[in-house]
Amino acid sequence: MSRCLIIINPVSGGGAARRYALDLQWKLSTLFETIEVKFTRGEGDATRFAKNACERGFDAVFCMGGDGTVNETVNGIAQGGFSCTFGFIPVGTVNDMSRALGIHQNPTQAIRRIDINETRTIDIGRCNDRYFCNNIAAGVIPKVVDEVTPKEKSILGPLAYFLRAGQALFTTKDYTYRIKTENDDFICKSPLVLALLTNVVSSFERFMPEASVDDGYMRIIIFKEYFILDILSVLPLIISGAIYNSRYTTTLTVKKAHIELLSDVDDLSTNMDGDAGPDMPVDIEVLPRVLKVFAPAKHKKKKALNLPKLPHI
Ligand SMILES: Nc1ncnc2c1ncn2[C@@H]1O[C@H](COP(=O)(O)OP(=O)(O)OP(=O)(O)O)[C@@H](O)[C@H]1O
């Protein structure tokens, strides 16, 4: 008998998840013999529900929410030994994971296109005792991103994050890190360090065009101290997919990393898949192809664009 748990975060996307809940239940009831539905009431619920479903031998866990709900659900499936196949309907503001997997951004279309015969097995990152599917960021930008209010998100969408990040640029400072990987061990100063499993960051689908969800690697992108001064040159590079090999960043392609903060500060924030992340130091490792996901088997990632070079300002 095939069993599926549906986890719905009723506040994701300014309450959008509630509107599509019945459609999702109806669709999945045509694909699985038994479905069970649970609504989250706060932090940790999605993780508990998903872990419990794995332990009870469910075949699949679907969630409907933003990247935070996706992350919590994946954490539960990981704690349950990755025994359930994961599916999700994006209703958040940024929805990076659905962009990386080619899941439709419109919830009605995404529900309509669920096909239980189309799955991919993707990499997951482990960071200390937690798991992530897209990225971890450390620096000043993650702090202000955490402060984006639901009202700002509902009015401005992804732009809300962008504007907040813009504010951070005027207050930002460098932190000193020691970064150890399987290949390197060095000390660097940076206002923003990203560990990235996919090609997408903050809805920019060309951020890291050469990365894919199942290549067994993460990219660590260390922004140089001066990138903020040149922000008008940096933005087109981010949009066109050329930032990672530009003079504004150092990029490492690795399977493991230990990142330690050497600056004596207590205001460093990290962000994991769009929500508050772990404290430093962090041990990060790619778990290659451990999570089976309902997603289009043939998703064409966006390629880098060849934009004309802007003069330096
Ligand atoms: N019933 C609830 N009421 C309030 N908060 C909830 C509830 N259920 C879950 N949460 C919280 O919602 C957060 C996850 O929200 P999620 O990221 O999925 O949506 P979002 O914030 O609308 O999306 P985005 O991050 O893309 O803007 C988690 O921090 C979780 O603890």
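The values are calculated or read from the model by the stated rules, or taken from the named source; none is laboratory data. Please read these numbers as outputs of a predicted model, since none were measured by experiment. Backbone-built Cβ (ideal geometry, glycine too); neighbour counts: all protein chains shown. Quick note on the areas: whole protein, heavy atoms, side chains included, nothing else; ligands and nucleic acids left out. Shrake-Rupley method; radii C 1.70, N 1.55, O 1.52, S 1.80 Å.
If you take the residues in region 69-85 that are over 17 Å from the mean Cα position of the chain (by Cα) and either outside any helix (DSSP H, G or I) or within 14 Å of the ligand (Cβ to nearest atom) (or both), which one is surrounded by the most Cβ atoms within 10 Å (Cβ to Cβ)?
Among those residues, the one meeting the criterion is Cys84.
One residue stands out among those in region 9-30 that are touching a residue at least 40 places away in the same chain (Cβ under 8 Å) and of a type in the set (Gly, Ala, Ser): the one that is most open to solvent (accessible area, probe 1.4 Å), which is Gly14.
Restricting attention to region 31-68 and to residues that are away from the ligand (no atom under 16 Å from the Cβ) and over 10 Å from Leu5 (Cβ atoms), the residue that is surrounded by the most Cβ atoms within 10 Å (Cβ to Cβ) turns out to be Leu31. The criterion of being in contact with a Phe, Trp or Tyr (Cβ under 7 Å, 6 or more places away or on another chain), under 19 Å from Pro296 (Cα atoms) and either open to solvent by 10 Å² or more (accessible area, probe 1.4 Å) or β-branched (Val, Ile, Thr) (or both) does not hold for Ile6. Any residue in region 286-294 that is modelled with pLDDT under 85 and open to solvent by less than 30 Å² (accessible area, probe 1.4 Å)? Looking for residues that are modelled with pLDDT under 85 and open to solvent by less than 30 Å² (accessible area, probe 1.4 Å), one finds none in region 286-294, hence no.
Evaluating Asn245 against the criteria (1) touching a residue at least 12 places away in the same chain (Cβ under 8 Å); (2) surrounded by fewer than 21 Cβ atoms within 10 Å (Cβ to Cβ); (3) out of contact with any Pro (no Cβ under 9 Å at 6 or more places or on another chain) leaves one unmet condition, (1).
Can you name the residue in region 114-164 that is among the aromatic types (Phe, Trp, Tyr) and at pLDDT 70 or above and, of all such residues, is least open to solvent (accessible area, probe 1.4 Å)?
Result: Phe132.
Take Leu262 and tell me if it is modelled with pLDDT of 90 or more and closer than 26 Å to Glu182 by Cβ. Against the criterion (modelled with pLDDT of 90 or more and closer than 26 Å to Glu182 by Cβ), Leu262 qualifies.
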